[in-house]
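Here's the structure, in structure tokens; my notes come after.
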Amino acid sequence: MRTGEPTRILVVALRRLGDVLLTTSLIRSLKRGYPEAAIDVLVFTGTEGILGGNPDVASVLAMPARPTPAETFACARKLWRRYDLAFSTQSGDRPTLFAWAAGRRSIGFVAGNGVASRLKRFALSQPVETAPDTHRVREMLRLSEAVGVPVVAEVVAPRGAERPGAAPMRPYAVIHAAPMFRYKRWTDAGWRELAAGLAARGLAVVATGGPGEAERRHLDGVWNGADVQRLDGVLSWSELAALIGGAAAYIGPDTSVTHLAAATGCADRRALWPDRPASLGALAGRRSRHALGRLRNHPEPPQCVVGAEPAALPAVPGRGLRAPYRELQPLHGRAFRRSGPDGGRYGAQGGSTRRVARQWRMALNAGMGKA
């Protein structure tokens, strides 16, 4: 170890699963830059699994997502000056507090010019301005650049043993149909038609999902009568990564699982992407023949695109996705509306279900060399 190099580093990532997964690019950069250092990660309870088996992480510290003031104080006291370097991957008050408390030298994001922002700039050893129009991975890697460490734009998937019998013996596709938020849902009929189209092309279809009771009930409706192998609520994050890594295709609207699919190097990543591609699109550093479609409850028509590179998507504004790539035509009108007596489900409007399914069939045919 070179003189003056840090021996203990803390990375604070108090966000949801997908954001924690994207933080692994910063962690990998720091591990390459300081190979002898032990890197700990502070996350919310329930997100630890996305870091399972990560060779760059020494230990994972978990805290409640909604801590009481006493719990916040206790956590800060426990971390006090235990680390040579501490990074806050967010500009919020709590992650900045923990980075400042934990590190003899603290680096973190700051946004705006208000009183709180000025206090953070004063408290942090090295404040870094946020870059809201930058892909999240590239934004976080600016923290690595701030300490002079070369960046490694590589998202690291959780690792572990494969679950015996989870992967079919023939080529297969993975569909993760249940996003975390209702507004990102597609229609039940659309998913079933897509699964049938995959099966018609010789692929087994594996349906994954979380263990929650409400999610399982939703997927019961989605896959009612469909010829799919269901593994929802069964797989750990490392097992899910192994399953997707061996798939011929992945489709799903959930942000965290789609990031995971990109990190595994799944041969053909096809996704109904629910958020801003410019800041949250797949960035895996690998080539793929297929770009991402978007489905959102938004006046702007969602768009499906084929033939782009995921690594190039962050440079393409979300509103301009259709312009450079014209293999598929965008849908017209609003893609989603509230329906049902409880207003809790989103459905396609004006025949959009069939149109979206038809576009996905076109995408599949283009990727597999069929007319």
For the range 245-267, pairs from a residue that is within 14 Å of residue 194 (Cβ to Cβ) to a residue that is of a type in the set (D, E, K, R) and in a helix (DSSP H, G or I), with Cβ under 6 Å and 6 or more apart or across chains, are 253/184
Hey, residue 140 hits all of (1) surrounded by 23 or more Cβ atoms within 10 Å (Cβ to Cβ); (2) modelled with pLDDT under 95; (3) out of contact with any helix residue (DSSP H, G or I) (no Cβ under 7 Å at 6 or more places or on another chain) but one; which does it fall short on? (3)
Please enumerate the residues belonging to the range 161-199 that are among the hydrophobic types (A, V, I, L, M, F, W, C), assigned to a helix (DSSP H, G or I) and in contact (Cβ under 8 Å) with a residue 40 or more places away in the chain. 189, 194, 198
Looking only at the range 177-196, and only at residues there that are surrounded by 22 or more Cβ atoms within 10 Å (Cβ to Cβ), hydrophobic (A, V, I, L, M, F, W, C) and more than 18 Å from residue 248 (Cα to Cα), the one that is farthest from the chain's Cα centre (by Cα): 186
All but one of (1) surrounded by 23 or more Cβ atoms within 10 Å (Cβ to Cβ); (2) under 21 Å from the mean Cα position of the chain (by Cα) hold for residue 256; which doesn't? (1)
Single condition residue 101 does not satisfy, out of (1) in contact (Cβ under 8 Å) with a residue 60 or more places away in the chain; (2) in the same structural domain as residue 51 (by TED's automatic domain parsing); (3) surrounded by 15 or more Cβ atoms within 10 Å (Cβ to Cβ); (4) out of contact with any Lys or Arg (no Cβ under 7 Å at 6 or more places or on another chain): (1)
Would you say residue 274 is surrounded by 24 or more Cβ atoms within 10 Å (Cβ to Cβ), modelled with pLDDT under 85, farther than 27 Å from residue 161 by Cα and not aromatic (Phe, Trp, Tyr)? yes
Taking only the range 76-96 into account, find how many residues are buried (at least 20 other Cβ atoms within 10 Å of the Cβ) and either more than 15 Å from residue 123 (Cβ to Cβ) or over 21 Å from the mean Cα position of the chain (by Cα) (or both). 6
Test of understanding: among 57, 110, which residue is of a type in the set (Val, Ile, Thr) and closer than 18 Å to residue 145 by Cα? 110
Considering only residues that are in a helix (DSSP H, G or I) and touching a Phe, Trp or Tyr at 6+ places or on another chain (Cβ under 7 Å), look in the range 236-268 and name the one that is farthest from residue 183 (Cα to Cα). 244
Are any residues in the range 223-237 at pLDDT 95 or above and β-branched (Val, Ile, Thr), and if so, which ones? 228
If you go through the range 8-15 one residue at a time, do you hit one that is farther than 18 Å from residue 91 by Cβ, in contact with a Ser or Thr (Cβ under 9 Å, 6 or more places away or on another chain) and either in contact (Cβ under 8 Å) with a residue 12 or more places away in the chain or buried (at least 18 other Cβ atoms within 10 Å of the Cβ) (or both)? no
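The values are calculated or read from the model by the stated rules, or taken from the named source; none is laboratory data. Everything numeric here is computed off the predicted structure, so don't read it as measured data. Cβ: placed from backbone, ideal geometry, glycine included. Neighbour counts: every protein chain shown.
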